[in-house]
Amino acid sequence: MSDPIYVTRPYLPPLAEFLPMLERIWETRVLTNAGPFHVALEERLRTLFEAENVTLTTNGMLALTAALDAAEIEGEVVTTPYSFVATTHAVKMGRLTPRFVDVRASDLNIDPQAIEAAITPQTRAIVAVHVYGNPCAVEEIDAIAARHGLKVIYDAAHAFGVRYKGRSLLSWGDFATLSFHATKAFNTFEGGAIVSRAASRTSLDRLRNFGIQDEVRIPAVGTNAKMSEFNAALGLLQLDHFEGVRAARAAVDRRYREMLEDVDGIDVLAIPDEVVPNHSYFPILVRPGFGASRDAVYEALKAENIYSRRYFYPLLSSLPMYQDMPGADSANLPVATRAAEEILCLPIFPDLAAEDQERIVGILRSLA
Ligand SMILES: *Cc1c(COP(=O)(O)O)cnc(C)c1O
């Protein structure tokens, strides 16, 4: 059997370009605590994201928990059940109550009308996810938040480099949090960042470093969410290669769309207008009209050593610790419930060969 094909394969820059950076770390012995690579990466990301402030973190989970902490809220947040488990875990770890609302069918992002209908006197924030890097209804969400005095926190783990209406998608919301995990569009092995307003900078800097202000002052409770110099150096190098990676992924995306166009019962999500995507996922929906169920497709691919992923199944609202949260009943979440049953993310990464894509689509066609 041929080599396994996973849903993604991390991009790594040429090792020869990284070695001088490692030598520099060995010379200076600055390993962490806002060293020169860390400072330089925050600066470059601030420009790229058109943001007032960028705070690097150890990973995307800690970025999200720190952002929720810095938002200084108590009570309920309106959120989506259609995400990676980290989203709701972060809400829960912040001692907030998630209130689940449905997503919209066009992009599987939180439905703004459902948000507004779910707001109660306890609601303090909207925690939304740019699923697959496709923008949420950011203008509508902004307007709802303004009307009701809510904070907006975007889990933007999928949205590195995405642009919307000529500006960085990450510049929307009070906070947008990123993951630089190995599986994401841009990786630093592990890593993350919080995009925020300048006013949040001091509290986020403290939160990620044990609440420490200086040698003798520790005014806040904090965690350890600092990014090391190793990860920051790699991030600087990955940035130099990002546009090439994006273009290679775009070619893979285009080929899939052409190959799948005439397959009845398989739908792909459209690339929305005025969006520059990062193509980090290739989700398909296996509709009831297709010749096999989603799980049968998943198993057939697996039998050929091809590992697609059911992002996102099961719904977070169905997990044991969240099934009693407000809004968690599947009757309240018909669009998300259906998507969770039909979704399958096909392998996509910059060097996925056209022949491998043909093989993947061939297996799909054989089940049609
Ligand atoms: C990957 C991911 C996270 C968590 O990021 P880590 O860097 O792995 O901690 C959070 N939310 C979403 C939507 C993700 O896909």
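A few remarks follow.
- Only Lys, Arg (+1) and Asp, Glu (-1) charged, at Cβ; the chain dipole about Cα centre in debye: 520
- Taking the chain as the region of interest, the number of lysine pairs whose Cα atoms are within less than 28 Å, with members eight or more places apart or on different chains, is 9.
- Cβ-Cβ FRET estimate between SER171 and GLN113, R0 fixed at 25 Å, reported to 0.05: 0.55
- For region 5-15, the Karplus equation 6.51 cos²θ - 1.76 cosθ + 1.60, evaluated at θ = phi - 60°, returns couplings of 10, 9, 4, 8, 9, x, 7, 10, x, x, 4 Hz by residue, with Gly and Pro reported as x.
- A helix-only calculation puts the chain at -11500 deg cm²/dmol for mean residue ellipticity at 222 nm, using -39500 (n - 2.57) for each DSSP H run of at least four residues, averaged over all residues.
- Estimated FRET transfer efficiency when R0 is 51 angstrom, pair PHE210-VAL268 (beta carbons, to 0.05): 0.65
- Ranked by how many other Cβ atoms sit within 10 Å of their own Cβ, fewest first, the residues ARG99, ARG46 fall in the order ARG46, ARG99.
- Residue among GLY173, GLY327, GLY265 with the largest mean-square fluctuation in a Gaussian network model of the chain, springs linking Cα atoms under 10 Å: GLY265
- By the Stokes-Einstein formula, at 1.002 mPa s and 20 °C, the chain with its Kirkwood radius over alpha-carbon pairs has D equal to 101 µm²/s.
- Charge dipole of region 233-280 (Cα centre as origin; +1 on each Lys and Arg Cβ, -1 on each Asp and Glu Cβ, all else neutral): 300 debye, rounded to the nearest 20.
- Of the residues PHE349, PHE160, PHE18, the one that moves most in a GNM of the chain with alpha-carbon contacts below 10 Å is PHE18.
- Counted residue by residue at 0.36 nm each, then reduced by the alpha carbon distance between them, the extension gain from GLU50 to ILE218 reaches 57.4 nm.
- Residue exposure proxy: TYR298, TYR132, ordered by other Cβ atoms within 10 angstrom of their Cβ from fewest to most, comes out as TYR298, TYR132.
- Ordered by the number of other Cβ atoms lying within 10 Å of each residue's own Cβ, fewest first, ASP107, ASP155 fall into the sequence ASP107, ASP155.
- Region 15-238 - percent relative contact order, Cα under 8 Å, separation 6 or more: 27
- Considering only GLU42, GLU27, GLU139, the Gaussian network model of the chain with Cα springs below 10 Å gives its largest mean-square fluctuation to GLU27.
Each value in this text was obtained by applying a stated rule to the coordinates, not by laboratory testing. Keep in mind the model is a prediction, meaning the values are calculated, not measured. Ideal geometry is used to build each Cβ from the backbone, glycine not excepted, and the neighbour counts take in all protein chains shown.
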